[in-house]
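The values are calculated or read from the model by the stated rules, or taken from the named source; none is laboratory data. Predicted model only: the values in this text are computed from it and were never measured. Every residue, glycine as well, gets a Cβ built from its backbone with ideal geometry; the counts of neighbours run over all protein chains shown.
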Amino acid sequence: MSRRWVPWIVGAVGGIVLIATLVLMTLNSSLSKDPFTAVFLVVIACYLAVSALLCTRLPSNPIGWLLLTVGGGILFSGFCAEYATYALGTSPGSVPFGLAAAWFQNWGFISVAAIPLVLLLFPTGRIPSPRWRWVLYGLIGAPILLGIAGFFSPGPIDVSVDVQPQNPLGIEALREPIHAINWVGGITFAFGEGGSKRLLAGTFSGPLKNGHAVANRGDDPGAARGEFFSGKDLGAAEHGLSGGSHSPCDEG
């Protein structure tokens, strides 16, 4: 199977999940309680479509794949939340795996953690210089650490106001260590997120040169020459979106 088909397959599955989620929302009366939720899901569907387009046009650039992960994770989390609400609240026992769905919906935040990675890697799909690798490691490691800690965190799972089952994998003896891990992981991720935002702001803060913005991304020689936003790269991006295979990551 060609790699270019993968994002469209993910998008098609996402469309099916979206329809199933809307059906469950109707059964759970979620739409009448919060009509904006349906709008939010439609926005996520459009988000997935745009991400799939980026992945097919610029397959070597991880930014499109990261955005696809964010949209897919949020949509999956929303579906699990509505399924758990139906299985455990609206019609208890009518469908299986309600508790499993509640457990899975609690981890949608892990996919959202990819957003700072997008800021860090924008626009070439690479870190601007070796010194930024520690920020990259932190943005990858912290969500994994927080996710693993959350797997065994004791206490209720917040699905909705009326549905809050206990975490089936929660271990009471690990409550204090998990609390400490959450602090360490949270602070690490916050510093990494702040660094990626600062980097993105610096990218657009450079002067104009020949009508193009000169990027300011760390020690990267290409950035210092303003190549990130030169006419050559803009033309390459246009070529890629029109069906070409070139991506910024292909440049040596």
Test: residue in the stretch 132-151 that is touching a residue at least 60 places away in the same chain (Cβ under 8 Å) and more than 18 Å from V112 (Cβ to Cβ): yes
Sole exception among (1) touching a residue at least 24 places away in the same chain (Cβ under 8 Å); (2) in contact with a helix residue (DSSP H, G or I) (Cβ under 8 Å, 6 or more places away or on another chain) for A101, by number: (1)
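Name the residue that is nearest to the chain's Cα centre (by Cα), counting only residues in the stretch 41-51 that are over 17 Å from Y83 (Cβ atoms) and hydrophobic (A, V, I, L, M, F, W, C). Can you show your working first?
We begin by selecting, within the stretch 41-51, every residue over 17 Å from Y83 (Cβ atoms); these are 42-43, 45-51.
In the following step, the residues that additionally are hydrophobic (A, V, I, L, M, F, W, C) were identified as 42-43, 45-46, 48-50.
Values: V42: 17, V43: 14, A45: 14, C46: 14, L48: 11, A49: 14, V50: 14 Å.
So the residue we want is L48.
From the list P128, P168, exactly one residue is in contact (Cβ under 8 Å) with a residue 40 or more places away in the chain, at negative phi and loosely packed, with under 13 Cβ neighbours inside 10 Å. Which is it? Outline the logic, then answer.
On the way: P128 fails: loosely packed, with under 13 Cβ neighbours inside 10 Å.
After ruling out the rest, the residue left standing is P168.
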Where a residue in the stretch 34-45 is surrounded by 15 or more Cβ atoms within 10 Å (Cβ to Cβ) and its partner, wherever it lies, is of a type in the set (V, I, T) and at pLDDT 80 or above, with Cβ under 8 Å and at least six apart: L41/T21; I44/I74
Cβ pairs under 7 Å, 6+ apart, first in the stretch 154-165 and polar (S, T, N, Q), second surrounded by 14 or more Cβ atoms within 10 Å (Cβ to Cβ) and assigned to a loop (DSSP other than H, G, I, E, B): Q164/I157
When residues of the stretch 95-115 are limited to those that are part of a loop (DSSP other than H, G, I, E, B) and within 30 Å of K197 (Cβ to Cβ), the one farthest from the chain's Cα centre (by Cα): N106
Filter result for L41 (in a helix (DSSP H, G or I) and either modelled with pLDDT of 90 or more or closer than 28 Å to I127 by Cβ (or both)): no
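Answer yes or no: is there a residue in the stretch 152-169 that is part of a helix (DSSP H, G or I) and touching a Leu at 6+ places or on another chain (Cβ under 7 Å).
No, every residue in the stretch 152-169 fails to be part of a helix (DSSP H, G or I) and touching a Leu at 6+ places or on another chain (Cβ under 7 Å).
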Scan of the stretch 41-65 for residues that are under 26 Å from D158 (Cβ atoms) and not β-branched (V, I, T), ordered by number: L41, A45, Y47, L48
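Within the stretch 44-63, how many residues are more than 30 Å from V163 (Cα to Cα), part of a helix (DSSP H, G or I) and among the hydroxyl-bearing types (S, T, Y)? Let's see the steps before the verdict.
Applying the first criterion (more than 30 Å from V163 (Cα to Cα)) to the stretch 44-63 yields 49-63.
This time we only want the ones that are part of a helix (DSSP H, G or I), so: 49-57, 62-63.
From what's left, among the hydroxyl-bearing types (S, T, Y): 51, 56.
Total meeting the criteria: 2.
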D219, sole failed condition from (1) surrounded by 13 or more Cβ atoms within 10 Å (Cβ to Cβ); (2) modelled with pLDDT under 50; (3) within 22 Å of V118 (Cβ to Cβ): (1)
Qualifying positions in the stretch 109-147 - closer than 30 Å to I178 by Cα and of a type in the set (S, T, N, Q): S111
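Looking only at the stretch 124-141, decide whether some residue is among the β-branched types (V, I, T), in contact with a helix residue (DSSP H, G or I) (Cβ under 9 Å, 6 or more places away or on another chain) and closer than 18 Å to A190 by Cβ. Reasoning before the result, please.
Taking the stretch 124-141 and keeping what is among the β-branched types (V, I, T), we get 124, 127, 135, 140.
Now restrict to residues that are in contact with a helix residue (DSSP H, G or I) (Cβ under 9 Å, 6 or more places away or on another chain): 124, 127, 135, 140.
Next cut, closer than 18 Å to A190 by Cβ only: 135, 140.
Yes - at least one qualifying residue is present in the stretch 124-141.
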Lone unmet requirement of (1) more than 20 Å from the chain's Cα centre (by Cα); (2) part of a helix (DSSP H, G or I); (3) more than 30 Å from A45 (Cβ to Cβ) for T85: (3)
Tally of residues being surrounded by fewer than 21 Cβ atoms within 10 Å (Cβ to Cβ) and either touching a Phe, Trp or Tyr at 6+ places or on another chain (Cβ under 6 Å) or not small (G, A, S) (or both) across the stretch 107-117: 5
